[in-house]
1. What number comes out for accessible area per residue over region 199-274 if the probe is 1.4 Å? Units Å², please.
2. Treating only the Cβ atoms of Lys and Arg (+1) and Asp and Glu (-1) as charged, compute the dipole magnitude of region 105-267 about its Cα centre; round to the nearest 20 debye.
3. What percent does the relative contact order of the chain come to when contacts are Cα pairs within less than 8 Å and at least six residues apart?
4. Given points 7 Å out from each Cα along the Cα-Cβ axis, report the residue 167 to residue 29 separation in nanometres with one decimal.
5. Could you tell me the center-to-center distance, by alpha carbons, between region 1-25 and region 200-260 in angstrom?
6. In straight Cα distance, which aspartates and glutamates are under 20 Å from residue 271, not counting same-chain residues fewer than 8 positions off?
7. What value does the chain have for Rg/Rh, both radii from Cα atoms and Rh as Kirkwood defines it?
8. Placing +1 at every Lys and Arg Cβ and -1 at every Asp and Glu Cβ, with all other atoms neutral, what dipole size does the chain have around its Cα centre, in debye to the nearest 20?
Amino acid sequence: MKVLIATEKPFAATAVQGIREVIEAAGYELALLEKYTQKSELLEAVSDADALIVRSDKVDAEVLDAAKNLKIVVRAGAGFDNLDLEAATAHNVVAMNTPGQNSNAVAELVMGMLVYAVRNFYNGKSGSELMGKRLGILAFGNVGRNVARIAKGFGMEVSAYDAYCPAQAIEEAGVHAVANQEELFATCDIVSLHIPATAETRKSINAALVGSMKPGAILVNTARKEVIDEEGLMKIMEERADIKYVTDIMPDADAAFAEKFPGRYFSTPKKMGAQTAEANANAGIAAAKQIVGYLKDGITKFQLNR
Ligand code: 3PG
């Protein structure tokens, strides 16, 4: 059995070593395709793979057509908008993710980006503190929960809203539950996005929501660029010179945001929320174990395309 790691954005070397140990202990072979720039490289590499580990790499019908021996693909991470689940099912390929494995890394980056934002991007001018500010967490999943935990250590007040998590569960985690996302934006100083990119959330973060935020508002996005209505956000940031946007997922209109909003807009050059040795090892080794568990024992926990 051949397991391929195909990562345009490579894992830390220590994580690859950990994955190799799991794969080789099972008697399988590990192949590596890193930093590829052409889809053709991926198509060639998957041609004899029985199992595939990816990150945000797109696995569509064309990739699945080329992967004639493929039985399982695991997205080493949480968001699976890069996997075509219908195509995977049509190709008899099991698709999984590794929820929770990289969530602390993303949550730590949220706090780092917030300190950067309230300290005026470290420009030397007097900024403000996070303590006592109200942080709104949109979607209370693994990342949102970790953000809440760390934000409390900063002395922040924390609110959350999640369309799929009951208010009681949020309150039990010691976080103030609000009724809807409108209330979250209107009552918080800072909003941190942790919603997946779906048909429902696409462009859902719009001018009306961001415009309802308090003076000096900060929007932090470590989720997906697709959830932002970029035109709407740009319009409200033009109207309100107090709003800051910091993101780990470069918007399509990055150049325009950077030009229009110096000192109020920051994007990482490449998504790096999950880019730590620890998160790479957690997610990558979990993916390897899930592959071995499926191929040897038929375990389908975390299967996405049932
Ligand atoms: C995730 O959904 O797990 C994160 O966005 C991390 O994505 P990455 O593996 O491409 O860094």
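The values are calculated or read from the model by the stated rules, or taken from the named source; none is laboratory data. These numbers were taken from a predicted model, which means no experiment stands behind them. Glycine gets a Cβ as well: all are built from the backbone with ideal geometry, and neighbour counts include every protein chain shown. Surface areas here come from the heavy atoms of the whole protein model, side chains and all, with no ligands, DNA or RNA. Shrake-Rupley method; radii C 1.70, N 1.55, O 1.52, S 1.80 Å.
1. Ligands and nucleic acids excluded, the result is 45 Å² per residue.
2. Once rounded to the nearest 20, the dipole reads 420 debye.
3. 19
4. 5.8
5. Here the two parts' Cα centres lie 36 Å apart.
6. 8, 34, 57, 81, 108, 226, 229, 230, 248, 252, 254
7. That ratio is 1.00, to two decimals.
8. Roughly 620 debye for the chain.
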